[in-house]
Amino acid sequence: MIEVHQLCKNYGERKAITNLNFKIEKGDVVGFLGPNGAGKSTTMKIITGFMAPSSGEARVSGYDVFENPIEVKRRIGYLPETPPLYTDMKVQDYLRFVAELKQVDKNKVAAYVDRALEKTQLTSVRNRLIQNLSKGFKQRVGIAQALVSDPEILIMDEPTVGLDPKQVAEIRDLIKELRGEHTIILSTHILPEVQAVCNKVIIIHQGQIVAQDSIEGLEKMNKGSLVVSVKTRNASSLAESLKSFDGVVSVEKISDMHFKVQLKEQDELIEKIASEVIRSGAGLLELLPTRANLEDVFLKLTYGQGS
Ligand SMILES: Nc1ncnc2c1ncn2[C@@H]1O[C@H](COP(=O)(O)OP(=O)(O)O)[C@@H](O)[C@H]1O
Ligand SMILES: [Mg+2]
């Protein structure tokens, strides 16, 4: 449905994205995850046909975004970083205007506007001026304008940025509801957002893709992802002996009484560690296995650290 091949964009000397390659299938809900400045918005602007790449190509439903921007825009609803709202218009008038701009069939405009209002729970404010709405509602109007032509693909750039926690939860619920009806790409620098709504994640860092996978796949990818925290009365010699265990990736000493053992993903290894700790007579106080989560993977991939 969306195919990106060796995509690059430079702003003058600055390389914003370098050699991006990915494919998005129909029905996917993909999160572009990355810190600020990673290149998320740039990538979205190119896919939506709002900006030309410096090199490489992007195709939407087979159409090259650069050569056929009209065909591409017809298939995409786009919520940019700053929603293009005409704040002196009433909500429904604005949506009607966008629907007409998007060349929705004349006799379907009213129904499409109603549907977008319903989906985004804006029906009760349809006759209000956009400028008088709260930030959360304005953001919903932004999503409604992306939805109003009932596009196959919905692309949303940081849809929850700047909202309060309640509004964030509402927007996430809305996105969840839209799953299955549209192929969705959203960008975010907040990890729980991807975990909450997406089935795939593309992690972008300094203009490059550092990982792309299903959410579960990415969690598994972190090899030796099982970390056991061990607290004993005296850990000094124990830490050394555990290092030689088959399946132990590393032993990190936190203090004389506390160390962390990183293991290959094998539950029976936990049992062996426990037996060894007891056998050594180190005085077991606590043994706590923790699995790596996506946050660890994200931090490791984008900042070269993790736990
Ligand atoms: N119009 C522009 N002119 C110059 N540099 C830009 C412009 N837009 C973005 N950049 C730079 O390109 C990089 C990627 O930006 P952007 O795609 O906005 O990242 P993100 O959306 O992930 O925060 C950043 O280093 C940013 O400063
Ligand atoms: Mg951005």
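Things worth noting here:
- Translational diffusion coefficient of segment 2-219 (Stokes-Einstein, Kirkwood radius from Cα pairs, 10 °C, 1.306 mPa s): 90 µm²/s.
- Cβ-based exposure ranking for Val72, Val210, in which fewest neighbours within 10 Å come first: Val210, Val72
- Length added when fully stretched, Ala110-Thr87, from 0.36 nm per residue minus Cα-Cα: 6.2 nm
- Of the residues Phe32, Phe97, the one with the fewest other Cβ atoms within 10 Å heads the list, and the complete ranking is Phe97, Phe32.
- Relative contact order for segment 2-219, counting Cα pairs under 8 Å that sit 6 or more residues apart, in percent: 29
- R0 of 35 Å, Cβ-Cβ distance Ser250-Asn199: FRET efficiency to nearest 0.05: 0.65
- Note on Lys272: lysines with a C-alpha under 17 Å away, same-chain residues under 8 apart excluded, are Lys231, Lys243, Lys260, Lys264.
- Per-residue HN-Hα couplings for segment 51-60 [Karplus 6.51, -1.76, 1.60; θ = phi - 60°; Hz; x = Gly/Pro]: 8, 7, x, 6, 7, x, 9, 9, 10, 10
- Using a Gaussian network model of the chain in which every pair of alpha carbons under 10 angstrom is joined by a spring, one finds that among Val113, Val60, Val248 the greatest mean-square fluctuation is at Val248.
- Farthest toward positive dipole pole in segment 2-219 [+1 Lys/Arg, -1 Asp/Glu at C-beta], among Val72, Tyr112, Leu20: Tyr112
- Counting only residues at least eight positions apart within a chain, or on another chain, the lysines with an alpha carbon under 26 Å from that of Lys26 are Lys9, Lys40, Lys45, Lys73, Lys102, Lys108, Lys119, Lys176, Lys200, Lys220.
- Over segment 223-291: Kirkwood hydrodynamic radius from C-alpha pairwise inverse distances, Å: 11.5
- Cα centroid separation, segment 93-165 to segment 1-79: 23 Å.
- Most mobile of Asn132, Asn199, Asn107 in a GNM of the chain (Cα contacts under 10 Å): Asn107
- For segment 256-298, the Cβ-based charge dipole about the Cα centre amounts to some 120 debye (Lys, Arg positive; Asp, Glu negative; other atoms uncharged).
- Between Ala274 and Met51, the C-beta separation translates, for a Förster distance of 51 Å, into a calculated FRET efficiency of about 0.35.
- Label-to-label distance for Lys220 and Lys15 is 3.2 nm, based on points extended 7 Å past Cα in the beta-carbon direction.
- Helix 109-119 and the long axis of the chain differ in direction by around 30°, with both axes built from C-alpha atoms.
- Counting neighbouring Cβ atoms within 10 Å and putting the fewest first, the residues Ile171, Ile76 line up as Ile171, Ile76.
- Taking only the C-alpha atoms of segment 3-97, the Rg (one decimal) and the largest Cα-Cα distance, Dmax (whole number), read 14.8, 43 Å.
- Residues within the reach of a label modelled at Lys135 (point 7 angstrom out along Cα to beta-carbon, backbone nitrogen below 12 Å), restricted to segment 172-186: there are none.
Readers should treat all values here as calculations from the given coordinates under stated rules, not as data from a laboratory. Because the structure is a prediction, the values reported are computed rather than measured. Backbone-built Cβ (ideal geometry, glycine too); neighbour counts: all protein chains shown.
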